[in-house]
Amino acid sequence: MIAIEPRDPRTQSQGVEPGYEQTGKRWPSQALCRRPQTAAELAGPIAVERRLQPVRGDLAGHGAKRAIGQLIHLRTRVVDEDGAPVAGAVVEVWHCNAAGKYIHPNDTHDAPPDPNFYGAARLVADGEGLVELRTIKPGAYPVPDAGGWWRPPHVHFSVWGRVWLSRLVTQMFFPGEPLNEKDAILNAIRDPQARSSCIARLVPADNYLIYDYQLVVRGRKGAPAMP
Ligand SMILES: [Fe+2]
């Protein structure tokens, strides 16, 4: 049997963060304990990619339907603890528009919606573990009831494994954003190296700003959970 090295808690989110009230509602107040999954849970239904169909590999649109904002190409590689591609992983992605507004009734931010921007996609990793999304760079937005604190531009990710119970929800950040330094969610990860693994790498190309992001789904270098 292969022994799995436990993760260093400093590489994961601290969960409930002082100064960010909403984390108290999103994280358990007590330490997690491991509950082994039952045979029935692990047995099925499997092949999530057959049940969740991909939608929208392009959130930016074209011509008269083009979303407002800086065009970017987000190239995410889903890998396991050894850097091997996780082919077939179902990856859901969502982010706000260029003005920092989500299409969601709970978003009370006084920013304009963009009729040409929906903000969510579902993709399936190819044989190299790659998912590609053409989109616009999201804006920053203020956190409600949090004393003037603004979230930096970020993209939410949900990755499904082979079974429904296997799921990682995390966030990706953009390099060079001053708001990254103060973001309570990113800085709830105390280890600087683990924090930097949540920040994509800018690869300028002729027609796009390409952002490369490596999403490690498990192991000691696994992406921290960030709901
Ligand atoms: Fe967000």
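The values are calculated or read from the model by the stated rules, or taken from the named source; none is laboratory data. Everything numeric here is computed off the predicted structure, so don't read it as measured data. Heads up, the Cβs are rebuilt from the backbone with ideal geometry, glycines too, and the neighbour counts pull from every protein chain shown. Calculation scope for accessible area: heavy atoms of the full protein, side chains included, ligands and nucleic acids excluded. Shrake-Rupley method; radii C 1.70, N 1.55, O 1.52, S 1.80 Å.
Between the alpha-carbon centers of segment 200-220 and segment 17-78, tell me the distance in whole angstrom.
When both Cα centres are located, 17 Å separates them.
Under a 10 Å cutoff between Cα atoms, tell me which one of Val78, Val216, Val48 has the largest fluctuation in the Gaussian network model of the chain.
Top of the fluctuation ranking is Val48.
Could you give the length gained by full extension between His104 and Ala225, i.e. 0.36 nm per residue of separation minus their alpha carbon distance, to one decimal place?
41.4 nm
Rounded to a whole number, what % of the accessible area of segment 90-227 do carbon and sulfur atoms account for, probe 1.4 Å?
54 percent
How much FRET efficiency would the formula 1/(1 + (r/R0)^6) give for Glu181 and Arg51, where r is the Cβ-Cβ distance and R0 is 35 Å, rounded to 0.05?
That pair, Glu181 with Arg51, gives E of 0.30.
Heavy atoms only, 1.4 Å probe, whole protein assembly: order Ile199, Ile68, Ile189, Ile210 by accessible area, highest first.
Ranked from most to least accessible, the order is Ile68, Ile199, Ile210, Ile189.
For the chain, what does the alpha-carbon gyration tensor say about shape, rounded, prolate or oblate, given a ≥ b ≥ c as the root eigenvalues, a/c under 1.5 as rounded, and a/b over b/c as prolate?
oblate
Give me a comma-separated list of calculated 3J(HN,Hα) values for segment 162-168, in order, Karplus coefficients 6.51, -1.76, 1.60 applied at θ = phi - 60°, integers in Hz, x for any Gly or Pro.
6, 10, 4, 6, 9, 8, 10
Can you give the calculated 222 nm mean residue ellipticity of the chain, where each DSSP H run of n ≥ 4 adds -39,500 (n - 2.57) and the sum is split over every residue, rounded to the nearest 500 deg cm²/dmol?
Rounded to the nearest 500, it is -1500 deg cm²/dmol.
How far apart, in nm, are two points set 7 Å out from the Cα along the Cα-to-Cβ line at Leu202 and at Leu32?
3.3 nm
Could you give the accessible area per residue of segment 1-96, probe 1.4 Å, as a whole number in Å²?
Counting only protein heavy atoms, the per-residue value for segment 1-96 is 68 Å².
Specify whether the C-alpha gyration tensor of segment 3-104 places it in the rounded, prolate or oblate class, a ≥ b ≥ c being the square roots of the eigenvalues: rounded for a/c under 1.5, otherwise prolate if a/b is larger than b/c and oblate if not.
oblate
Among the lysines, which fall within straight-line cross-link reach of Lys25, defined as a Cα-Cα distance under 23 Å, with same-chain neighbours fewer than 8 residues apart omitted?
Partners within reach: Lys101, Lys182.
In nm, what is the difference between 0.36 nm times the number of residues separating Asp145 and Val16 and their Cα-Cα distance?
44.8 nm
Over the chain, what is the percentage of antiparallel beta bridges among all DSSP beta bridges, to the nearest 5?
Here the antiparallel bridges make up roughly 75 percent for the chain.
With charges set only on the Cβ (+1 for Lys and Arg, -1 for Asp and Glu), what does the dipole of the chain come to about its Cα centre, in debye to the nearest 20?
Rounded to the nearest 20 debye, it is 340 debye.
FRET efficiency for Leu209 and Ala64, Cβ-Cβ distance as r, R0 = 22 Å, nearest 0.05?
Between Leu209 and Ala64 the formula returns 0.45.
With the cut-off at 1.5 for a/c, could you classify segment 128-227 from its C-alpha gyration tensor as rounded, prolate or oblate?
oblate
I need the phi-derived Karplus couplings for segment 211-227: 6.51 cos²θ - 1.76 cosθ + 1.60, θ = phi - 60°, integer Hz, Gly and Pro marked x.
10, 9, 9, 9, 10, 8, 8, 7, x, 5, 9, x, 4, x, 5, 9, x
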